[in-house]
Amino acid sequence: MNGHKACFNGTHCLGNNTDPINLEANLADSDQDGLGFGGGLYATGSSANVNLTNALIASNQAQSGAGIAIENQAKLTMKTELFGGHCWDSLYCSQVVENKTATDNAPIRGGGLYATSGSRGYISRTMFARNNADFGTALYAFKDHEYPVDTYVDLEGVLIVNNGSNGSDLWKDSDTIRNNNAYMKINFSTIADNDAANTSANIFNTGPIANLGLYNSIIHNNDDLPAFRGINHDNADFYECLLLNETGSLPSDDTLIADNPGFLDRINGNYQLNPLASAAVDFCHEFNQSATQYLDINGDERGVDASTISNLFGPYDVGFDESIDQIFSNGFEN
């Protein structure tokens, strides 16, 4: 599914660069038992291979995976592609927003994405915002102990913000990201200002084989929401180059720093980095397990060395945005 103009043999063209693939306001509950999965999109089976480019998954409802549900070894690839530097949105060209799970008939998992039973999700340059669920307001990855294939979710250049509402509505809003006995890697991503309930965290890692890698990312709330809770493997190699609002919930490591990320306009939802006032600029090096595969949200190269800032550990900015050291890089008005 391509939310951009695609031409074949140089003559026959479909689509445009001004409208997304739009899966919006759907309800997964055809038999009215409250147990439907995948409000916007549902994929199951090892032969199911879904590719979403420049898509808007919005305002869908389901018991679990209100936006998207993948299971039984299905594969999902979701990404942004820019054409001439532009797409249908001024900044966030791939979005999973305002999806709501059911409020009863447990389990109620994954407001934005629910990945289970050996499925694989590869998400890049995508925003998850204002989603709700009892468990995993933005994302939930799960593998049953007896299932023979591991569930795997890979996130790079992803923005995860403003999910949940502190359990003040119909949902428990427990944890922004919940990794239950699955494998998950989060790289060059920004997780900020999510409103999880008490005793929750931005990331919860649980289960005997839950394997989580966090690299070159920002995890930051202005309130006292912990960055992490659960099993941490007691191995700092799983966590490198993180800018956080607190460091006590993760293993001790010199590259885990508590500081203000210096977003351009946090109040109005612009989580790009201010190149003149961000601790995230020229923060980190690149290493084997975190080698970047994609450009940043604006199509900029990673690891651009800012000429006026001394590197902390290396030239790579942490988070979903690589700031560019040039005049008017974010528009003339800025």
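The values are calculated or read from the model by the stated rules, or taken from the named source; none is laboratory data. Here the structure is a predicted model, which means the values were calculated and not measured. No Cβ is skipped: glycine too gets one built from the backbone with ideal geometry, and neighbour counts run over all protein chains shown. Protein only, heavy atoms only, side chains kept; ligands, DNA and RNA dropped before computing areas. Shrake-Rupley method; radii C 1.70, N 1.55, O 1.52, S 1.80 Å.
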Check: Hey, among 219, 209, which residue is over 18 Å from the mean Cα position of the chain (by Cα) and of a type outside the set (Ser, Thr, Tyr)?
Finding: 209
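Out of 295, 276, 264, report the one residue that is among the hydrophobic types (A, V, I, L, M, F, W, C), assigned to a strand (DSSP E or B) and surrounded by fewer than 20 Cβ atoms within 10 Å (Cβ to Cβ).
Details: 295 fails: assigned to a strand (DSSP E or B); 276 fails: assigned to a strand (DSSP E or B).
Every option except 264 fails the conditions.
Could you check region 279-292 and list, in sequence order, the residues that are open to solvent by less than 50 Å² (accessible area, probe 1.4 Å) and at pLDDT 85 or above?
The answer is 279, 280, 281, 282, 283, 284, 292.
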Notebook entry, point to check: When residue 209 is evaluated against the numbered criteria (1) open to solvent by 10 Å² or more (accessible area, probe 1.4 Å); (2) free of Cβ contacts under 8 Å to residues at least 40 places away in the same chain, which criterion, by number, is the only one it fails?
Noted result: (2)
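For residue 269, state whether it is out of contact with any Lys or Arg (no Cβ under 8 Å at 6 or more places or on another chain), modelled with pLDDT of 90 or more, buried (at least 17 other Cβ atoms within 10 Å of the Cβ) and of a type outside the set (S, T, N, Q).
Numbers: out of contact with any Lys or Arg (no Cβ under 8 Å at 6 or more places or on another chain): yes; modelled with pLDDT of 90 or more: yes; buried (at least 17 other Cβ atoms within 10 Å of the Cβ): no; of a type outside the set (S, T, N, Q): yes.
Taking the combined requirement at face value, the residue does not satisfy it.
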Notebook entry, point to check: Considering region 151-174 alone, what residues qualify as being free of Cβ contacts under 8 Å to residues at least 40 places away in the same chain, closer than 24 Å to residue 187 by Cα and among the acidic types (Asp, Glu)?
Noted result: 154
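Any idea which of 194, 198, 166, 222 is modelled with pLDDT of 95 or more, out of contact with any Pro (no Cβ under 8 Å at 6 or more places or on another chain) and assigned to a loop (DSSP other than H, G, I, E, B)? Before the answer, list the steps.
Details: 198 fails: modelled with pLDDT of 95 or more; 166 fails: modelled with pLDDT of 95 or more; 222 fails: modelled with pLDDT of 95 or more.
Of 194, 198, 166, 222, the one residue that is modelled with pLDDT of 95 or more, out of contact with any Pro (no Cβ under 8 Å at 6 or more places or on another chain) and assigned to a loop (DSSP other than H, G, I, E, B) is 194.
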Margin query: For region 10-33, which positions are over 22 Å from residue 54 (Cβ atoms) and either touching a residue at least 40 places away in the same chain (Cβ under 8 Å) or assigned to a loop (DSSP other than H, G, I, E, B) (or both)?
Written below: 11, 28, 29, 30, 31, 32, 33
Notebook entry, point to check: Taking into account only those residues within region 126-172 that are among the aliphatic types (A, V, I, L, M) and open to solvent by 20 Å² or more (accessible area, probe 1.4 Å), which is nearest to residue 105 (Cα to Cα)?
Noted result: 170
Check: Which is under 21 Å from residue 122 (Cα atoms) and either among the small types (Gly, Ala, Ser) or open to solvent by less than 20 Å² (accessible area, probe 1.4 Å) (or both), of 58, 62, 102, 106?
Finding: 58
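Residue by residue through region 80-100, note down the ones that are closer than 28 Å to residue 136 by Cβ and aliphatic (A, V, I, L, M). Break it down into steps so the answer makes sense when it comes.
Taking region 80-100 as the starting set, the residues that turn out to be closer than 28 Å to residue 136 by Cβ are 80-81, 87-89, 91-100.
Result: 91, 96, 97.
When you check residue 74 against the structure, is it modelled with pLDDT of 95 or more, touching a strand residue (DSSP E or B) at 6+ places or on another chain (Cβ under 9 Å), open to solvent by less than 10 Å² (accessible area, probe 1.4 Å) and not charged (D, E, K, R), yes or no?
On the way: modelled with pLDDT of 95 or more: yes; touching a strand residue (DSSP E or B) at 6+ places or on another chain (Cβ under 9 Å): yes; open to solvent by less than 10 Å² (accessible area, probe 1.4 Å): yes; not charged (D, E, K, R): yes.
When the stated conditions are applied, residue 74 passes them.
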Check: Do we find that residue 76 is assigned to a loop (DSSP other than H, G, I, E, B), of a type in the set (A, V, I, L, M) and over 15 Å from residue 137 (Cα atoms) in this structure?
Finding: no
Note to self: I'd like the residue in region 233-249 that is assigned to a loop (DSSP other than H, G, I, E, B), of a type outside the set (Asp, Glu) and at pLDDT below 90 and, out of all such residues, is least open to solvent (accessible area, probe 1.4 Å).
What the structure shows: 235
Notebook entry, point to check: Does region 77-94 hold any residues that are free of Cβ contacts under 8 Å to residues at least 60 places away in the same chain, within 23 Å of residue 119 (Cα to Cα) and open to solvent by 10 Å² or more (accessible area, probe 1.4 Å), and which are they?
Noted result: 77
Next item on the list: Mind listing whichever residues of region 2-24 are surrounded by 13 or more Cβ atoms within 10 Å (Cβ to Cβ) and farther than 17 Å from residue 82 by Cβ?
Entry: 22, 23, 24
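Across region 97-116, which residue is farthest from the chain's Cα centre (by Cα) among those that are in a loop (DSSP other than H, G, I, E, B) and polar (S, T, N, Q)?
First, pick out the residues of region 97-116 that are in a loop (DSSP other than H, G, I, E, B): 98-99, 102-108, 110-112.
Checking the rest, the ones that are also polar (S, T, N, Q) come to 99, 103, 105.
Values: 99: 14, 103: 23, 105: 26 Å.
Here the answer is 105.
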Next item on the list: Please work out which residue is farthest from residue 118 (Cα to Cα), limiting yourself to region 211-228 and to residues that are touching a Lys or Arg at 6+ places or on another chain (Cβ under 9 Å) and aliphatic (A, V, I, L, M).
Entry: 214
Item checked: Members of region 173-189 that are closer than 18 Å to residue 204 by Cβ, open to solvent by less than 20 Å² (accessible area, probe 1.4 Å) and assigned to a strand (DSSP E or B) -> 174, 177, 179, 184, 186
